[in-house]
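Asks: Below you'll find the structure I mean.
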Amino acid sequence: MDSSVTLANWRTTPYSSQSFHNVDKLIPVSRIEGPEQACRLAAELQSLESLFFKDQHGQKRQLPEVLDSTATRGLVVLQKGRLVAERYSQGYDGTTPHILFSVSKSLTGAMAGILVDKGMLDPESPAIKYVPEVTGSAYGECTIRHVLDMTVSSSFSEEYLDQSGDYIRYRRATLWDPTLPGKDPGTLHGLLATLSRAPEPHGEVFNYLSPNSDFLGWIVERVSGREFSSLFSSLVWKPMGAEANAYVTVDREGAPRTAGGICVLPRDLARFGEMMRLGGKDILPSWWVEDIRHNGDSGPWKKGDMVHLFPNGRYRSKWYQTGHASGAFCGIGIHGQWLWIDPRREVVIVKVSAQEEPVNDDTDMLLVLAFEAIAEAVNQRPQAELRV
């Protein structure tokens, strides 16, 4: 990574093409150690070069063009656990951890499920039972379930381009933005404890707020008595057979940004997705994975501001349920990070990207159609040479 990439520009084009797989050179991190030997991915590569599908506007689109136009840096596709497609571009070769942004939330939600299964965490308990420091904040009267399902009533504003309000204060506290001269950036836990309550009751509206997932990371560390990175390594990353170490960004006190700071190899994210597709593989609790796939209240989702993406969807324990006939569920991160799991077609798709805009609704809807087309194609085609 060259010297032109700084903490002030790392999330913007063209710098993100270097920074998104070099986050540890900009921000303090805590390592998530992998095993000595990875779980091997058998390969039966297929060609997706000529895959066409119709977009949301009825226009015919070819997959390679869509991948290029959405700044795709890595695409990994598994079908029945076999690697059937893999593609890297824009100076990225898939051998260094790439930031997941909010797909991190989905990994954190799965980690919480292990603690619930062990009887260490009760989703229906008040959050202050575990972290009394947030008494008086937006989290003071919510339950763990509200935190898991993004139904906390909070006045925090998730404005990614904000330069003066909550979000820039949040990024400075997590060391994602430069500290103002002569100013104390604060800490992640300090910020969480000061977030104020919104007027509506908890549990009523799906309100997508990243600090909720950092708060979940705090809860995980508190109830386990261990650092998130160490716990995730021993309970998930090593048993899963990850190919490489991962890491998560931390603030000056070592608090992990579990909402968006996890960085992994695309292949390892695909391994994680395959583990979810198979119901946890005795690493994650199978009942927790089933709960993510099939439970949750659609009422708050329909009142939220993402219902356009999945009109029949839900949000459960940091995962999106699409409501599609395929039963697909997914994790989504800004700038084009995706983990798409299609149980019916037995397909897992990972896309890591450096899209210029943090969020673009039209692009998201296009990619959802692309993932459905990929899943259908690899489920039908015979083995062939990869041309994507």
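Asks: Please enumerate the residues belonging to the range 339-366 that are surrounded by fewer than 24 Cβ atoms within 10 Å (Cβ to Cβ), on the phi < 0 side of the Ramachandran plot and touching a residue at least 40 places away in the same chain (Cβ under 8 Å).
Replies: At the first step, the residues of the range 339-366 found to be surrounded by fewer than 24 Cβ atoms within 10 Å (Cβ to Cβ) are 343-346, 355-366.
With the extra rule that they be on the phi < 0 side of the Ramachandran plot, the set shrinks to 343-345, 355-366.
Hits for the range 339-366 are PRO343, ARG345, GLN355, GLU356, PRO358, VAL359, ASP361, ASP362, THR363, ASP364, MET365, LEU366.
Asks: Hey, another quick one. Could you check the range 34-45 and list, in sequence order, the residues that are touching a Lys or Arg at 6+ places or on another chain (Cβ under 7 Å) and touching a residue at least 60 places away in the same chain (Cβ under 8 Å)? Talk me through it step by step, then tell me what you get.
Replies: Going residue by residue through the range 34-45, those that are touching a Lys or Arg at 6+ places or on another chain (Cβ under 7 Å) are 34-35, 39, 41-44.
Of everything in the range 34-45, those that are touching a Lys or Arg at 6+ places or on another chain (Cβ under 7 Å) and touching a residue at least 60 places away in the same chain (Cβ under 8 Å) turn out to be GLY34, PRO35, CYS39, LEU41, GLU44.
Asks: Cβ-Cβ distance below 7 Å, separation of 6 or more or different chains: which pairs start in the range 259-274 with a residue that is touching a residue at least 40 places away in the same chain (Cβ under 8 Å) and end on one that is buried (at least 24 other Cβ atoms within 10 Å of the Cβ) and of a type in the set (Phe, Trp, Tyr)?
Replies: Correct list of pairs: GLY260/PHE101.
Asks: Further question on the same structure: Looking at (1) surrounded by fewer than 21 Cβ atoms within 10 Å (Cβ to Cβ); (2) part of a helix (DSSP H, G or I); (3) not aromatic (Phe, Trp, Tyr), find the lone condition where GLY254 falls short.
Replies: Condition (2) is where GLY254 drops out.
Asks: Scan ASP162, ASP177, ASP184, ASP166 and give me the residue that is of a type in the set (Asp, Glu) and at pLDDT 95 or above.
Replies: Values: ASP162 fails: at pLDDT 95 or above; ASP184 fails: at pLDDT 95 or above; ASP166 fails: at pLDDT 95 or above.
Testing whether each residue is of a type in the set (Asp, Glu) and at pLDDT 95 or above leaves just ASP177.
Asks: Out of (1) within 25 Å of LEU265 (Cβ to Cβ); (2) of a type outside the set (Val, Ile, Thr); (3) touching a Pro at 6+ places or on another chain (Cβ under 9 Å), the odd one out for GLY336 is which?
Replies: Status for GLY336: all satisfied but (3).
Asks: Can you find even one residue in the range 32-47 that is of a type outside the set (Lys, Arg), buried (at least 22 other Cβ atoms within 10 Å of the Cβ) and farther than 30 Å from GLU290 by Cβ?
Replies: First pass over the range 32-47, keeping only residues of a type outside the set (Lys, Arg): 32-39, 41-47.
Filter once more, keeping what is buried (at least 22 other Cβ atoms within 10 Å of the Cβ): 32, 46.
Now restrict to residues that are farther than 30 Å from GLU290 by Cβ: none.
Checked against the condition, which is being of a type outside the set (Lys, Arg), buried (at least 22 other Cβ atoms within 10 Å of the Cβ) and farther than 30 Å from GLU290 by Cβ, the range 32-47 yields no hits at all.
Asks: Residues that are surrounded by fewer than 16 Cβ atoms within 10 Å (Cβ to Cβ) and of a type outside the set (Val, Ile, Thr): which helices (runs of 4 or more DSSP H) entirely in the range 113-196 hold 1 or more of them? Spell out the reasoning first.
Replies: Details: elements: 144-148, 166-173, 188-192.
Counting at least 1 such residues, we get 188-192.
Asks: Out of all the residues in the range 196-240, which are among the aromatic types (Phe, Trp, Tyr), closer than 17 Å to ARG145 by Cβ and touching a Pro at 6+ places or on another chain (Cβ under 8 Å)? Steps first, please.
Replies: Taking the range 196-240 as the starting set, the residues that turn out to be among the aromatic types (Phe, Trp, Tyr) are 206, 208, 215, 218, 228, 232, 237.
Retained after the next criterion (residues that are closer than 17 Å to ARG145 by Cβ): 206, 208, 215, 218.
Listed by number, the list holds a single entry, PHE206.
Asks: Now a separate question. Tell me, which strands (runs of 3 or more DSSP E) lie completely within the range 1-112 with 1 or more residues that are of a type in the set (Lys, Arg) and closer than 30 Å to PRO343 by Cβ? Don't jump to the end; show me each part of the working.
Replies: Values: elements: 29-32, 52-54, 60-62, 72-79, 82-88.
Of the strands (runs of 3 or more DSSP E) lying wholly inside the range 1-112, those with at least 1 residues that are of a type in the set (Lys, Arg) and closer than 30 Å to PRO343 by Cβ span 52-54, 60-62, 72-79, 82-88.
Asks: Residue by residue through the range 157-174, note down the ones that are of a type in the set (A, V, I, L, M, F, W, C) and in contact (Cβ under 8 Å) with a residue 24 or more places away in the chain. Working first, answer last.
Replies: Filtering the range 157-174 for residues of a type in the set (A, V, I, L, M, F, W, C) gives 161, 168, 173.
Residues satisfying the conditions are LEU161, ALA173.
Asks: Can you find, within the range 197-215, the residue that is surrounded by the most Cβ atoms within 10 Å (Cβ to Cβ) among those that are charged (D, E, K, R) and out of contact with any helix residue (DSSP H, G or I) (no Cβ under 7 Å at 6 or more places or on another chain)? Break it down stepwise before answering.
Replies: Within the range 197-215, the subset charged (D, E, K, R) is 197, 200, 204, 214.
Checking the rest, the ones that are also out of contact with any helix residue (DSSP H, G or I) (no Cβ under 7 Å at 6 or more places or on another chain) come to 197, 200.
Working: ARG197: 18, GLU200: 13.
In this case the residue turns out to be ARG197.
Asks: With a cut-off of at least 3 residues that are at pLDDT 95 or above and farther than 30 Å from LEU121 by Cα, name the strands (runs of 3 or more DSSP E) lying wholly within the range 281-388. Talk me through it step by step, then tell me what you get.
Replies: On the way: elements: 314-316, 319-321, 329-333, 337-342, 347-353.
Filter on the range 281-388 gives 347-353.
The values are calculated or read from the model by the stated rules, or taken from the named source; none is laboratory data. Computed from a predicted model, the values in this text were never measured in an experiment. Positions of Cβ are generated from backbone atoms using ideal geometry, with glycine treated the same way; all protein chains shown enter the neighbour counts.
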